[in-house]
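Right, one structure below, let's go through it.
Rule-based calculations on the coordinates, nothing more; no lab input. All of these numbers come straight from a predicted model, not from anything done at the bench. Positions of Cβ are generated from backbone atoms using ideal geometry, with glycine treated the same way; all protein chains shown enter the neighbour counts.
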Amino acid sequence: MVTMELTKPDKGFGRITAKDISKGFKRTDGEVTIALNHLDADIKAGEFICLIGPSGCGKSTFLRLIAGLSEPTSGVITLDEQPIKEPGYERGLVFQDPTLFPWLNIYENIAYGLKTRHVYKAHKQDVADFIHLVGLDGFEKSYPHQLSGGMAQRASLARALVNNPKVLLLDEPLGALDAFTRMNMQDEILRIWKERGTTMVMVTHDVDEAIYLSDRIFVMTPRPAKIEEIIEVLIGRGENQGRQRDSSDFLRLRSKILQILDFTGKTLSPEYYL
């Protein structure tokens with residue numbers, strides 16, 4: 001087996017701090033909808049964080065602010081103490097849908113970011129190395145429509161990672177996959193996280209997925225959202241870095257999080273779930 005020396009983020013880098021973040025959106029009727037309300041967060045370098053909460057509460061909005069795709073109405077988000085004001089290659093983003101360019105093959109999709117940054121010649125070998133890392137050897141010349149959903153999402157991961165980001169942002173990247181593929185991809189993400197040491201922030205609606213993957217879980221309130229509770233996942237990890245899903249500790253923590261979310265005990269408008 002060939003050992004690859006992949007470029008990795010410098011250890012100790014990739015810390016995200018959010019201070020007093022609020023975000024509002026102006027509607028067509030002139031009213032302002034508040035998505036985030038005085039949110040504070042501190043994510044350590046190399047940490048795996050999952051954001052959970054009701055649909056529409058602002059999880060993806062928070063992720064987009066970290067990505068620099070949107071600016072907060074008030075407050076500051078920093079990466080390694082530098083304010084985030086725009087997108088940057090040091091922050092990779094993977095969506096629920098793979099969003100690969102359909103006219104480019106898998107190799108070209110993964111190499112795209114390096115080419116736009118004009119560093120492809122210097123990092124050409126990285127493309128092949130990341131294709132190998134995500135298990136897509138032999139599919140370099142395939143096009144997105146020729147891949148399964150899980151394989152396309154692997155390609156999206158490689159495309160984000162080839163830029164050597166300090167932070168990888170994952171917006172429900174496994175939500176569209178079947179249960180078996182989803183569990184395999186969870187292990188794949190954990191393997192990459194272990195090998196790379198990249199800070200990972202993932203939005204999910206799946207409580208079990210959050211427990212299985214993360215170091216800490218940020219439970220968010222209904223909109224306008226803030227972080228209601230931070231749960232440190234102290235359950236030991238297996239060889240694949242995942243956790244035993246049927247263990248008593250896992251089930252107890254699952255019950256605790258569901259109680260915090262209190263889905264069954266709330267009488268809410270349909271908007272809460274949208």
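Rounded to two decimals, the Cα radius of gyration of the range 119-239 over 2.2 N^0.38 Å is 1.17. The percentage of C-alpha pairs in the range 186-268 whose separation is greater than 21 Å is 32%. Under the simplified labelling scheme, the R245-Y89 pair shows an inter-label distance of 3.8 nm, with each label point 7 Å from Cα along Cα→Cβ. For G24, the residues 5 or more places off, or on other chains, whose built amide H falls under 5 Å of its own are A35, T73. Each of R64, R159 was scored by other Cβ atoms within 10 Å of its Cβ. Arranged with the fewest first, they read R64, R159. What net charge do the residues around P165 carry, taking every other residue with its C-beta under 10 Å from that of P165, with Lys and Arg at +1 and Asp and Glu at -1? That works out to +2.
Once you have a ≥ b ≥ c as the square roots of the Cα gyration tensor eigenvalues for the range 64-187, tell me rounded if a/c is under 1.5, and otherwise prolate or oblate according to whether a/b is larger than b/c. Oblate.
For the options E108, E81, E90, a Gaussian network treatment of the chain with springs between C-alpha atoms closer than 10 Å singles out E81 as fluctuating the most. With Cα atoms as the point set, the chain shows a radius of gyration and Dmax of 18.8, 61 Å. The phi-based Karplus calculation (6.51 cos²θ - 1.76 cosθ + 1.60; θ = phi - 60°) puts the 3J(HN,Hα) values of the range 148-155 at 6, x, x, 5, 5, 5, 4, 5 Hz, whole numbers, x for Gly and Pro. Couplings 3J(HN,Hα) for the range 226-232, derived from phi with the Karplus relation 6.51 cos²θ - 1.76 cosθ + 1.60 (θ = phi - 60°), are 9, 7, 6, 7, 10, 10, 7 Hz, where x marks Gly and Pro. Sorted on the mean count of surrounding Cβ atoms within 10 Å across their residues, most packed first, peptides 249-262, 39-52, 140-153 read 39-52, 140-153, 249-262. With K and R counted +1 and D and E -1, the other residues having a Cβ less than 14 Å from that of L36 yield a net charge of +2. Across the range 109-176, the volume of the C-alpha convex hull divided among the residues equals 93 Å³ per residue.
Relative to the longest principal axis of the Cα atoms of the chain, helix 120-133 runs at roughly 70 degrees.
Using θ = phi - 60° in the Karplus curve 6.51 cos²θ - 1.76 cosθ + 1.60, the 3J(HN,Hα) couplings for the range 174-180 round to 10, x, 8, 8, 5, 4, 5 Hz; x is entered for Gly and Pro. Residues T17, T28, arranged from fewest to most other Cβ atoms within 10 angstrom of their Cβ, appear as T28, T17. Using helices alone, what [θ] at 222 nm do you get for the chain, with -39,500 (n - 2.57) per DSSP H run of 4 or more residues, divided over all residues and rounded to the nearest 500? For the chain, the value works out to -10000 deg cm²/dmol.
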